[in-house]
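Structure first, then comments.
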Amino acid sequence: MARDRSELEEFQSETDYYCGEKNSINRRSYLKLAGATATVLGASAGVSSVSAAESTTQLTLDYDDYSSPSDLYNVNDNRSGIAPEFVSSPTKVNDQALRTEFSSAQKTANLEYRFEEHGHGMPREVYTRFYLYPENIELDQYDTVRIFWLPLTNGSGSSGGDGTDGTNGWSNAIGFAHRNDSPAPDGYNLFSYSYHMDRSGSGDFEMTSTPVWMDEWNLIEGYVRCNTFSGGSANADGVMRYWVNGELAYERTDFRFTTSEDNLIEGVGPLGYVVGSDLSGSALIYDGHEITIGGMPDETSSTDEPTDPTSPYEDDPYFEDPANSDQYEHQFTYRDPSQTSTYRIYVDGEIVQSDWSQATYNDTVSVTPADESESGYTMLEAVGEPNSVDGYFINGNIVALYSEHEPGSMWLSGEQVYLSDYPSEPPTNDDTPLENVLLIDGIGSSGSSRYEFRVSGRVEKSNYRAASINDDDVIDDGHVTGTVGGWRDAYKFSGELQEITVDGDADVSLNGEEIDTSDDDDELSTLTIVGNGNEVSYEATVDGSIEIVSGDGAESLSDSSVRGTIERDVHRFRFSGNLVEFTFTEGKTQVYVGRDRIHPADYS
């Protein structure tokens, strides 16, 4: 389990200036809270500016306790004319979530949690996390959407064309953009847009390659620490870090933000600002907003390079510095079991633990290499504790996963995974290398596809390209049957693929090359409409014939025309010929022909 705090406090070293106040925290220094952790539900607790050497203050902004967002946030600059509101669906953590809707205007509103207004002074360092659901957003090439201030210290230097001089405000807005090879339209990559002392012109725009996914919940985390300064001179040691779905997406440690105690961190909070597309009717939805003042939450701070001479980087051969993450194919996070829980991870390569994001060193971890393991796979065993986070780097694939009790969540390279995705024990291994990979890809095909195939050698499930692993798919001595719907199944095997059949429109590839499993006589196409939780009505016309496959609320108007009303369902049609017209009569949502998402405006 993670080290006890009392064991690590003795390693806190000599002090260092953080925004004018001395203190030091190395990577695994533990923060001693003043009594118990302070959980503040948006109300003033009389807590002034908190340094990392003293304590952290943890705030849970429980939306269920408020009737209006303005009861919690300072709501200002509402250009859309649509007031932010609490809604009952969709939600992730609470019974109600925060929704900000776009109009034809460029901006929704600022929703700032201002620390001084809630009795917390101006902090020097802040961590925050929240869940984001981008609803019905589709961007054109190069368009951007800003989603959150982290932080905003208002002043002439926090936006616009004025310079940032260390006394007149500063800011950073994170968002997503259709740039940097984003996986559009399913997701768009995160960016950072900062106003700091060393920028020139407008804000400093920096893209990442980590996607924020549309029409689903994303966990966003951020940490900012002010630079040190003395005598009105700023040192280039300010820190910003951002994570998306457990993956570190952005990090800089050389910022200069401020030269004054009066110009620290004023606030954080939601923001909606689009450059490019008209997003009228689209929305940004937030839930589970938490803030930690004074450092990282709970036990650990990951703000500095390790200085502890007993660092597990040196002493533990299965502990890896987060700086070396690019040497590994996957990141895996095991978070918050409901009670003390033994768990085991089997991989067909190597696995090491690390302390990126909120993950802490777990001294119960033991690793058995593949050549010493009875299963023939590398096995990691550990004990997880409630309110703890364990992090791992992996080369290869997870082949089995066991946990004594259900964890709060698990993430594999930015995708949430579940115990049901994996067998609890690895398959029987032999010496035959599994050199081939078969992928059955159901993304974009909203219906299920049943498949069956046979290979001449050994076969086992794989999480290649984050494919799911579950017990519903059956492997019987080289003969495999399964069903995929909306995601991917993958298999590694030896020998030859002897035969395969697919009942459905999932795509199939062998060793990265697509193979044709369709009936050559089948000239029908598939039209799919996916509900997003809002009522949407549509009509469609083809130049051949069209029939309903599935979907309550779908109806035929003629042999060549259909219409429907949908909220959370999926409507599917089979048609011959071409789609010649598709129009929304109310709302809008995602539409696919085959596996390709289409723009209905191209068919009106």
Keeping to the range 487-499, report how many residues are part of a strand (DSSP E or B) and more than 25 Å from Y418 (Cβ to Cβ). 3
Considering T91, T144, which residue is in contact (Cβ under 8 Å) with a residue 24 or more places away in the chain and either open to solvent by 20 Å² or more (accessible area, probe 1.4 Å) or closer than 17 Å to E290 by Cα (or both)? T91
Considering the range 447-463 alone, what residues qualify as being over 35 Å from the mean Cα position of the chain (by Cα), open to solvent by less than 40 Å² (accessible area, probe 1.4 Å) and of a type in the set (G, A, S)? G457
Just the residues that are surrounded by fewer than 21 Cβ atoms within 10 Å (Cβ to Cβ) and under 20 Å from Y422 (Cβ atoms), please, taken from the range 368-381. T368, A370, S373, E374, S375, G376, E381
With the requirement that a residue be crowded, with 18+ Cβ neighbours inside 10 Å and either of a type in the set (F, W, Y) or over 33 Å from the mean Cα position of the chain (by Cα) (or both), what does the range 557-571 give you? S560, V562
Could you list, ordered by first residue, the pairs with Cβ atoms under 9 Å in which the first is in the range 469-482 and assigned to a loop (DSSP other than H, G, I, E, B) and the second is open to solvent by 50 Å² or more (accessible area, probe 1.4 Å) and of a type in the set (F, W, Y), at least 6 apart or interchain? N470/Y418
Do we find a residue being at negative phi, part of a loop (DSSP other than H, G, I, E, B) and exposed (fewer than 13 other Cβ atoms within 10 Å of the Cβ) anywhere in the range 572-589? yes
Name the pairs: first residue in the range 248-262 and under 15 Å from E125 (Cα atoms), second residue of a type in the set (S, T, Y), Cβ to Cβ under 6 Å, at least 6 apart or on different chains? S260/T167
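Here is a yes/no grid of residues against (1) under 14 Å from I345 (Cα atoms); (2) in contact with a Pro (Cβ under 6 Å, 6 or more places away or on another chain):
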{"site": "T368", "(1), (2)": "yes, no"}
{"site": "G376", "(1), (2)": "yes, no"}
{"site": "V389", "(1), (2)": "no, no"}
{"site": "F393", "(1), (2)": "yes, no"}
{"site": "G396", "(1), (2)": "yes, no"}
{"site": "A400", "(1), (2)": "yes, yes"}
{"site": "G408", "(1), (2)": "no, no"}
{"site": "S413", "(1), (2)": "no, no"}
{"site": "S420", "(1), (2)": "yes, no"}
Here are some residues: T167, T210, T253. Which one is of a type in the set (S, T, N, Q) and open to solvent by less than 20 Å² (accessible area, probe 1.4 Å)? T210
Scan the range 500-519 and tell me whether some residue there is surrounded by fewer than 17 Cβ atoms within 10 Å (Cβ to Cβ), touching a Phe, Trp or Tyr at 6+ places or on another chain (Cβ under 9 Å), outside any loop (DSSP other than H, G, I, E, B) and among the β-branched types (V, I, T). yes
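Conditions (1) modelled with pLDDT of 85 or more; (2) in contact with a His (Cβ under 8 Å, 6 or more places away or on another chain); (3) of a type in the set (V, I, T), marked per residue:
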| residue | (1), (2), (3) |
| --- | --- |
| D489 | yes, no, no |
| L497 | yes, no, no |
| D519 | no, no, no |
| V536 | yes, no, yes |
| R563 | yes, no, no |
| G577 | yes, no, no |
| E581 | yes, no, no |
| E586 | yes, no, no |
What's the total number of residues in the range 542-556 that are part of a loop (DSSP other than H, G, I, E, B), modelled with pLDDT of 90 or more and open to solvent by 50 Å² or more (accessible area, probe 1.4 Å)? 2
What single numbered condition from (1) under 28 Å from G295 (Cβ atoms); (2) assigned to a loop (DSSP other than H, G, I, E, B) fails to hold for E117? (2)
Reported set for the range 235-250 where residues are among the aliphatic types (A, V, I, L, M) and open to solvent by 10 Å² or more (accessible area, probe 1.4 Å) is A236, L248, A249
For the range 382-422 the number of residues that are within 22 Å of D321 (Cβ to Cβ), of a type outside the set (G, A, S) and open to solvent by 10 Å² or more (accessible area, probe 1.4 Å) is 3
Which condition from (1) in contact with an Asp or Glu (Cβ under 9 Å, 6 or more places away or on another chain); (2) open to solvent by less than 40 Å² (accessible area, probe 1.4 Å); (3) of a type outside the set (A, V, I, L, M, F, W, C); (4) part of a loop (DSSP other than H, G, I, E, B) is the one that T258 breaks? (1)
Would you point out which residue out of G161, G203 is of a type in the set (G, A, S), open to solvent by 40 Å² or more (accessible area, probe 1.4 Å), closer than 28 Å to M122 by Cα and in contact (Cβ under 8 Å) with a residue 12 or more places away in the chain? G161
Which of the residues spanning the range 322-348 are open to solvent by less than 30 Å² (accessible area, probe 1.4 Å) and either in a helix (DSSP H, G or I) or at pLDDT 85 or above (or both)? P322, F332, T333, Y334, R335, S341, Y343, I345, Y346, V347
Going through the range 181-200 in order, the residues found to be more than 22 Å from L412 (Cα to Cα), part of a loop (DSSP other than H, G, I, E, B), touching a residue at least 24 places away in the same chain (Cβ under 8 Å) and open to solvent by 30 Å² or more (accessible area, probe 1.4 Å) are M197, D198, R199
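The values are calculated or read from the model by the stated rules, or taken from the named source; none is laboratory data. For clarity, every value in this text was computed on a predicted model and none was experimentally measured. Note that each Cβ is placed from the backbone with ideal geometry, even for glycine, and that neighbours are counted across all protein chains shown. Keep in mind that these areas ignore ligands, DNA and RNA; they rest on the heavy atoms of the full protein, side chains included. Shrake-Rupley method; radii C 1.70, N 1.55, O 1.52, S 1.80 Å.
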